[in-house]
Amino acid sequence: MQEQPNIAAQTADFEFAALQEARNYRAALFQEFDEFLSGDVIEVGAGVGQLTDCLRQSPRVKRTIAIEPEPAYCARHRAQFPGHELIQGTVADLPADTRCDAVLSVNVSAIFAVTPLPNCAQNCCRPVSPSNACITSILPATSPGG
């Protein structure tokens, strides 16, 4: 018996299509991070906005800045969240005077996230107290190409 490939897995954004339907997954992730997310939050690797929606609905989060390098995902993000602050690029593209209370990065390639995130937190998180600046991150099991 020859297996038929999953047709959805043949599209360029199959992971986003699956995550779009994974409401319980998003809710569970956000529940784990919620206590660390308040004030101004930078969402690194926002994709098409799966967690952006959770951030926008949180009463503790006052402002979110989404960062996404992929132009197609940015277009979908903007369509879903018109007027939401979105930077097409990486943390290196944040304005120098950007400040935040937390940085969130979920399912972002280690190449994209690991090195820049500590610098992003160091440069952007408000130095009110050591416990105030948080990086919350879940990285994929493998990096691109590996």
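The values are calculated or read from the model by the stated rules, or taken from the named source; none is laboratory data. All of these numbers come straight from a predicted model, not from anything done at the bench. Note that each Cβ is placed from the backbone with ideal geometry, even for glycine, and that neighbours are counted across all protein chains shown.
Listing for the model above:
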item	result
Residue ranges of strands (runs of 3 or more DSSP E) in region 64-146 with at least 1 members at pLDDT 90 or above and among the aliphatic types (A, V, I, L, M)	86-88
Output for region 29-47, where each listed residue is modelled with pLDDT under 85 and of a type in the set (A, V, I, L, M)	Leu29
Scope region 85-102; condition crowded, with 16+ Cβ neighbours inside 10 Å, over 8 Å from Ile42 (Cβ atoms), in contact with an Asp or Glu (Cβ under 8 Å, 6 or more places away or on another chain) and not acidic (Asp, Glu); matching residues	Leu86, Ile87, Gln88
Residues being free of Cβ contacts under 8 Å to residues at least 40 places away in the same chain, among the hydrophobic types (A, V, I, L, M, F, W, C) and touching a strand residue (DSSP E or B) at 6+ places or on another chain (Cβ under 8 Å) - total across region 28-79	5
